[in-house]
1. Return the residues of region 51-67 that are part of a helix (DSSP H, G or I), exposed (fewer than 15 other Cβ atoms within 10 Å of the Cβ) and on the phi < 0 side of the Ramachandran plot; say none if nothing qualifies.
2. Would you pick out the residues in region 60-103 that are more than 15 Å from Ile20 (Cα to Cα) and not aliphatic (A, V, I, L, M)?
Amino acid sequence: MLSSLKWFNLALRAVMEVGIVVALGYWGFGTGDSTGAKILLGIGVPLIGFGLWGLVDFRQAGSLAEPLRLIQELVISMLAAVAWYVAGQQVLGWALGAVSIVHHILVYAAGERLIKR
């Protein structure tokens, strides 16, 4: 049975991941000049972002696996926060950054790891 902290952090993770997808899509859609470009970027940018997220299996990196995964997740979530910010949604950018930081702090505070063995 999951503790309240773990449930809360699982919800934060879900909010973070949805926020990343929506931020990248919103930024991509807003960047396009034509309708076709808006649709392509609105769908393509989040796909590329999550493709890069899932591309690397850090479990092969031994003792560096966990720190590398943490860096990867923080970079991706912070890029998405910046995407919100530059797309004119500054409050959402700050909120996504805060959710990401709190989530990652709680992962380690609960004795968990990002890479499950």
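1. Across region 51-67, the qualifying residues are Gly51, Leu52, Gly54, Leu55, Arg59, Gln60, Ala61, Ser63, Leu64, Pro67.
2. Answer for region 60-103, where residues must be more than 15 Å from Ile20 (Cα to Cα) and not aliphatic (A, V, I, L, M): Gln60, Gly62, Ser63, Glu66, Pro67, Arg69, Gly88.
This table checks each residue for (1) crowded, with 19+ Cβ neighbours inside 10 Å; (2) of a type in the set (Val, Ile, Thr); (3) touching a residue at least 24 places away in the same chain (Cβ under 8 Å).
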| residue | (1), (2), (3) |
| --- | --- |
| Met78 | no, no, no |
| Tyr85 | no, no, no |
| Ile105 | no, yes, no |
| Glu112 | no, no, yes |
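Any read-out appearing in this document is the output of simple, stated calculations on the displayed coordinates, not a laboratory observation. Being a predicted model, the structure only gives us computed values, none of them experimental. FYI the Cβ positions are ideal-geometry reconstructions off the backbone, even for glycines, and counts take in every protein chain you see.
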